[in-house]
Amino acid sequence: MCGIVGYIGNIPAKGLLIEGLKRLEYRGYDSAGIAVLGDQGLDVERAVGRVANLEAKLESRTGFDGTLGIAHTRWATHGAVTETNCHPHTDNAGNICLVHNGIIENYAALRTVLGERGHEFRTETDTEVLACLIAELYEGDLESAVKAALKEVTGAYAIAVLCTQEPDVLVCARKGGPLMVGVGSGEYVVASDPSAIVAHTNRAFALDDYNVVRLTRDSIRTSTIHNKAVTPQMLQLNSELGQVELGSFDHYMQKEIFEQPRALRTTLRGRVDRDEGRIVLGGLLSHAKELVRARKFIMTGQGTALHAGMIGEYLFEDLAKIPTEVEYASEFRYRNPIVEEGTVVCAISQSGETADTLAALEEAKDKGALALGVVNSVGSSISRNTDAGVYLRVGPEIGVASTKAFTGQVAVLTMMALFLGRRRLTSVEKTKHMIAELESVPDKIEIVLEQADRIKAVTEKYVQRENWLFMGRGYNYPTALEGALKLKEISYIHAEGMPAAEMKHGPIALINDGMPAVFIANRGAQYTKVLANIEEVRARGGHIIAVATEGDKEIEQVAHDVLWVPEVAEPLSPLLTVVPLQLMAYYAAVLRGHDVDKPRNLAKSVTVE
Ligand code: G6P
């Protein structure tokens with residue numbers, strides 16, 4: 001989604017800003033722009049498409065020599081993908097210049113009022129309205145004008161603002177959208193994502209909601225929009241963020257799929273003790289008693305994270321016997337949910353910045369729930385807004401289609417369920433057994449990955465088909481949803497995931513000759529039921545691609561193609577069965593010639609509702 005980079009310091013801003021934009025490319029965007037304020041005034045350039053297009057345009061431009069500037073990658077919300085709608089935006093006089101992530105919800109009303117006061121609008125964006133509003137309120141002090149303007153707006157924002165009359169000042173603010181300030185020596189790098197900061201400094205702080213920071217080369221002042229001074233909490237950024245290299249892989253998604261065994265070993269390291277039958281989750285200890293006594297868990301998230309939460313529902317009810325619900329954060333937050341005493345809300349998120357998930361968490365906290373986070377990005381907004389939580393530790397995920405974060409989330413939820421189960425009812429012996437099974441997962445994923453070439457060959461047989469079904473039952477119903485999501489995200493093939501039994505209630509009408517139907521048919525409690533569903537699809541001409549347990553002879557009789565996974569305790573089976581589905585989606589996108597890591601219209605981190 002939209003990305004922001006800003007710089008004030010002692011080296012030319014242009015190169016640093018472009019390099020920062022490149023680091024944000026993975027988030028998804030459709031156009032990019034830059035503004036540099038130097039001795040010769042303000043220079044602005046914008047381009048539709050990749051940052052490379054912007055770079056090419058800059059080659060033929062003079063100027064852009066200053067050491068203060070802002071830049072942006074835009075993911076269109078208000079107004080089409082055109083150069084005019086690209087950020088940075090300025091007011092009519094070209095005095096105020098800003099980049100913005102988020103949505104100004106009352107922009108139409110503000111536009112009308114500002115229009116009546118003589119402001120003219122060149123773009124269709126909500127951001128231009130904010131530039132004009134700041135200009136309208138400007139009385140010689142940018143920071144005050146920004147604060148005054150932000151008191152008038154509703155919605156979400158992260159902004160970085162320049163003013164030609166104050167050529168040594170950069171003002172940034174946040175409500176909802178992420179924004180970090182990297183603190184160097186005589187320089188500051190501001191960005192919506194730490195990956196654009198770490199190349200310059202590891203010291204940074206995240207702005208909190210309603211905070212405004214005023215930066216000069218030798219001073220920094222953080223306060224709320226109501227002028228209350230704020231002391232920022234400094235963080236040490238993980239320098240790994242800046243060094244994510246592709247190595248021998250063609251795409252980040254491919255690398256991240258193959259990285260899963262190693263990533264999961266890191267997720268589990270030091271947290272499971274097989275000999276003692278103990279799970280050690282330091283991030284939960286301070287609230288262990290409340291968690292053990294919890295009456296209900298609500299898992300929430302969006303996209304892939306929600307699918308992990310759905311598996312969490314099965315895990316928590318099965319292994320810890322705690323009533324658990326799961327709900328899209330976007331629905332939970334607006335339906336006035338009932339949060340009774342003893343409710344724990346668990347927000348699941350790779351980025352820790354998904355706007356709906358963050359808002360659902362706030363809603364739950366306001367209603368008295370204990371808030372947990374299952375998050376990958378350390379120091380992200382969600383992780384900072386929870387009472388307790390467990391990090392995934394799977395390393396930065398760059399591919400837009402989430403893979404290793406999904407298996408990391410499921411592994412963490414499994415450990416949480418075992419942690420609570422052991423304290424509530426489960427015997428040491430059973431816990432030891434489950435820990436041993438969990439520890440076997442990374443090696444078993446390696447076995448699945450060894451079949452990559454065969455999975456590619458199977459995918460090739462069906463890749464021209466435009467409609468696919470994914471079906472599973474029990475623990476692997478969410479896996480079916482995840483398999484369908486992966487395929488549509490990057491290969492643009494229409495795919496539906498569903499509980500296998502639900503097929504008969506409508507989707508069966510879609511089945512025609514040769515239609516690919518992917519069944520997660522590992523040996524589990526509902527295996528024979530899945531076999532019956534397979535027969536129903538076969539009888540209507542559908543082609544069965546089964547994900548099945550190694551050594552299963554029966555499945556070979558009914559499936560056209562079988563992708564094998566090793567045997568594992570059923571609650572852990574999604575950690576294995578999802579892997580062939582990730583690979584199928586990956587190969588389908590490659591075979592169709594799509595840009596796997598930058599799928600059309602998608603964003604890695606969705607910071608608007
Ligand atoms: C976007 C991404 C998905 C991701 C979802 C939730 O839609 O493209 O891959 O699953 O957001 O993101 P989160 O960072 O909260 O896990």
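The values are calculated or read from the model by the stated rules, or taken from the named source; none is laboratory data. The structure displayed is predicted, hence computed values, not measured ones. Every residue, glycine as well, gets a Cβ built from its backbone with ideal geometry; the counts of neighbours run over all protein chains shown. For the accessible areas, the whole protein counts, side chains as well, though only heavy atoms, and no ligand, DNA or RNA atoms are used. Shrake-Rupley method; radii C 1.70, N 1.55, O 1.52, S 1.80 Å.
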Handout entry: Residue within segment 387-407 that is in a helix (DSSP H, G or I), in contact (Cβ under 8 Å) with a residue 24 or more places away in the chain and either more than 16 Å from the ligand (Cβ to nearest atom) or more than 19 Å from K604 (Cβ to Cβ) (or both) present
Key = no
Problem - Where Y314 falls short, out of the listed (1) more than 16 Å from the ligand (Cβ to nearest atom); (2) free of Cβ contacts under 8 Å to residues at least 12 places away in the same chain - result: (2)
Problem - Sole residue being of a type in the set (G, A, S), touching a Pro at 6+ places or on another chain (Cβ under 9 Å), in contact (Cβ under 8 Å) with a residue 60 or more places away in the chain and more than 15 Å from the ligand (Cβ to nearest atom), chosen from A320, A364 - result: A364
Problem - Condition check for E550: at pLDDT below 95, of a type in the set (D, E) and open to solvent by 10 Å² or more (accessible area, probe 1.4 Å) - result: no
Handout entry: segment 289-303, residues that are within 16 Å of the ligand (Cβ to nearest atom), crowded, with 24+ Cβ neighbours inside 10 Å and not aliphatic (A, V, I, L, M)
Key = T300, G301
Practice task
Kindly establish whether K553 is free of Cβ contacts under 8 Å to residues at least 12 places away in the same chain and under 26 Å from G593 (Cβ atoms).
Solution key: no
Problem - Considering residues of segment 154-177 that are part of a loop (DSSP other than H, G, I, E, B) and modelled with pLDDT under 95 only, the residue surrounded by the fewest Cβ atoms within 10 Å (Cβ to Cβ) - result: T154
Practice task
Look at segment 331-353 and say how many of its residues are within 18 Å of D193 (Cβ to Cβ) and either more than 13 Å from the ligand (Cβ to nearest atom) or out of contact with any strand residue (DSSP E or B) (no Cβ under 7 Å at 6 or more places or on another chain) (or both).
Solution key: 3
Practice task
Check off (1) open to solvent by 30 Å² or more (accessible area, probe 1.4 Å); (2) more than 16 Å from the ligand (Cβ to nearest atom); (3) of a type in the set (A, V, I, L, M) for V272 and give me the number that stays unchecked.
Solution key: (1)
Practice task
Could you tell me whether any residue of segment 540-550 is more than 30 Å from G28 (Cβ to Cβ) and among the acidic types (D, E)?
Solution key: yes
Exercise for the section: Collect the residues in segment 530-545 that are surrounded by 14 or more Cβ atoms within 10 Å (Cβ to Cβ), aliphatic (A, V, I, L, M) and under 18 Å from E502 (Cβ atoms), keeping them in residue-number order. Expected result: V530, L531, I534, V537, I544
Handout entry: Every residue from segment 509-522 that is within 33 Å of the chain's Cα centre (by Cα) and surrounded by fewer than 18 Cβ atoms within 10 Å (Cβ to Cβ)
Key = L510
Practice task
Identify the single condition in (1) within 20 Å of V161 (Cα to Cα); (2) of a type in the set (S, T, N, Q); (3) open to solvent by 10 Å² or more (accessible area, probe 1.4 Å); (4) in contact with a strand residue (DSSP E or B) (Cβ under 7 Å, 6 or more places away or on another chain) that T73 does not satisfy, given that it satisfies every other one.
Solution key: (3)
Handout entry: Boolean, G483 is in a helix (DSSP H, G or I), small (G, A, S) and either open to solvent by less than 40 Å² (accessible area, probe 1.4 Å) or over 19 Å from V579 (Cβ atoms) (or both)
Key = yes
